[in-house]
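> Below is a structure I'd like to ask you about.
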Amino acid sequence: MRSTVSFSTSFRQQLNKITRTLNVRVDECEIELLEEILTSVKDGHPRTGAPGQPIKFGTLYDSMTIRGKSIYSKIEPFNYGPFIEEGIGAYGKKLTLRSAVGGFHSLKTTKLNFRWLARDVALRVKARHPFNLKNSQEL
Amino acid sequence: MIDHHAVLLAARNRLLGVEVCTTGATTLTATGTGFTRAAGSFITDGFKVGMEVVPTGFADNTPAVILSVSALAITLRSTRTAETAAGGRTLTVGIPPYRVWENTDFEPVDDRWFIDEDYIPGPTEQFTIGPQGHLEHAPIYVVKVFGISGSGVGALYDVTKEILGVFPPRYTMTLADSTVVRVRSQPAPYSSQLMQVDPGRAVVTVSIPLLVRTTNPV
């Protein structure tokens, strides 16, 4: 009959390993998801349908960065980012797209179709960090 | 496959059913600067400063923007021809008469509301297995409501609230080919922060995420 002491120790070690693996997955998911969101907003993404930012001088495009756990953008002296996002021009007229790349509503489509980005990232990270409980040396 | 034109028309048709507030058919008088009534209350009916009111039953039914409102009187930002009291008249606030549909030209008119629609087809993904697996599409219907700046938030917020009200989460619209268009619940429709647009306008954007499932025509 197996010793109950060795069984409980092995089980605790397995739980610890699962916890470590999960923590690694969460950390990598956070980082990769932020990068995917930034890509979707700036360059467009087939999974969200976002067209990316139109580019004239690149001021708005270059202003978008990751800061901590947020996407950040600030333009001085006048933040025209919201108007590019909604496609609103002077007098409220539709903004004409004069850029060869990008379009409008990238932030909106990224936000509303975020779940596909999240699922792709989760599957990738999960594949990189599977639970491997068979090798006792790793415990 | 999804017929984006049909989806757009279905959403647009739904939008046109929005009614924000109305007097109903009643006795109204047109003064040189607005409208008055002897019974009932414009305030109770829901009229607010900044709203664009559409009159019917008058000789002059030109829409105009409200400057001030009390229970028995509405003062407009523009003048109009005075008309004596008569029954069967209405004042209504709904989707503005000026509508900028996709790929149509429009010059904004001073002191007049308008809406501007955008339709984003969105991504498509197969979500059931096999060659004939079903496809899931995620278009977004966007309505930008342009009001008058400097008139507070009540008017714009009331109009956008009613637009959201006709697109509640899980609401379905059935197209002629039996395709079902569903308003998403996660995330659900939402409106944006009010933004000032030069000159003289304020805008709130309403975003309505939709979900459509079709068969794969392969």
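> What number of residues within the stretch B:57-87 are out of contact with any helix residue (DSSP H, G or I) (no Cβ under 9 Å at 6 or more places or on another chain) and outside any loop (DSSP other than H, G, I, E, B)?
Selection size over the stretch B:57-87: 10.
> Among the residues of the stretch A:85-113, what is the count of those that are closer than 21 Å to residue B:100 by Cβ, in a loop (DSSP other than H, G, I, E, B) and in contact (Cβ under 8 Å) with a residue 40 or more places away in the chain?
Of the residues in the stretch A:85-113, 5 are closer than 21 Å to residue B:100 by Cβ, in a loop (DSSP other than H, G, I, E, B) and in contact (Cβ under 8 Å) with a residue 40 or more places away in the chain.
> Any idea which of (1) in contact (Cβ under 8 Å) with a residue 60 or more places away in the chain; (2) in a strand (DSSP E or B); (3) among the polar types (S, T, N, Q) is the one residue B:196 doesn't satisfy?
Exception for residue B:196: condition (1).
> Further, regarding this structure: For the stretch B:31-56, which residues satisfy the criterion of being of a type outside the set (Val, Ile, Thr) and part of a loop (DSSP other than H, G, I, E, B)?
Within the stretch B:31-56, B:32, B:37, B:38, B:39, B:40, B:41, B:46, B:47, B:48, B:50, B:51 qualify.
> Residue check: is residue A:100 within 23 Å of residue B:118 (Cβ to Cβ) and either surrounded by 15 or more Cβ atoms within 10 Å (Cβ to Cβ) or more than 14 Å from every other protein chain (Cβ to nearest Cβ) (or both)?
yes
> Let me ask you something else. Here are B:178, B:151, B:207, B:191: which of them is of a type outside the set (Lys, Arg), surrounded by 18 or more Cβ atoms within 10 Å (Cβ to Cβ) and away from every other protein chain (no Cβ under 14 Å)?
When all the criteria are applied, what remains is B:151.
Table: residues versus (1) within 11 Å of another protein chain (Cβ to nearest Cβ); (2) in contact with a strand residue (DSSP E or B) (Cβ under 6 Å, 6 or more places away or on another chain); (3) closer than 30 Å to residue A:19 by Cα.
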{"site": "A:65", "(1), (2), (3)": "no, yes, no"}
{"site": "A:72", "(1), (2), (3)": "no, yes, no"}
{"site": "A:92", "(1), (2), (3)": "yes, yes, no"}
{"site": "A:127", "(1), (2), (3)": "no, no, yes"}
{"site": "A:132", "(1), (2), (3)": "no, no, yes"}
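> Under 9 Å between Cβ atoms, at least 6 apart or on separate chains: pull out the pairs that start in the stretch A:48-63 with a residue that is under 13 Å from residue A:102 (Cβ atoms) and small (Gly, Ala, Ser) and end on any residue that is buried (at least 20 other Cβ atoms within 10 Å of the Cβ) and at pLDDT below 90.
Pairs found: none.
> If you go through the stretch A:49-63, how many residues are within 14 Å of chain B (Cβ to nearest Cβ) and assigned to a helix (DSSP H, G or I)?
Looking only at that region, the number is 0.
The values are calculated or read from the model by the stated rules, or taken from the named source; none is laboratory data. Everything quoted here is computed from the prediction, not taken from an experiment. Reconstructed Cβ throughout: ideal geometry from the backbone, glycine too, with neighbour counts over all protein chains shown.
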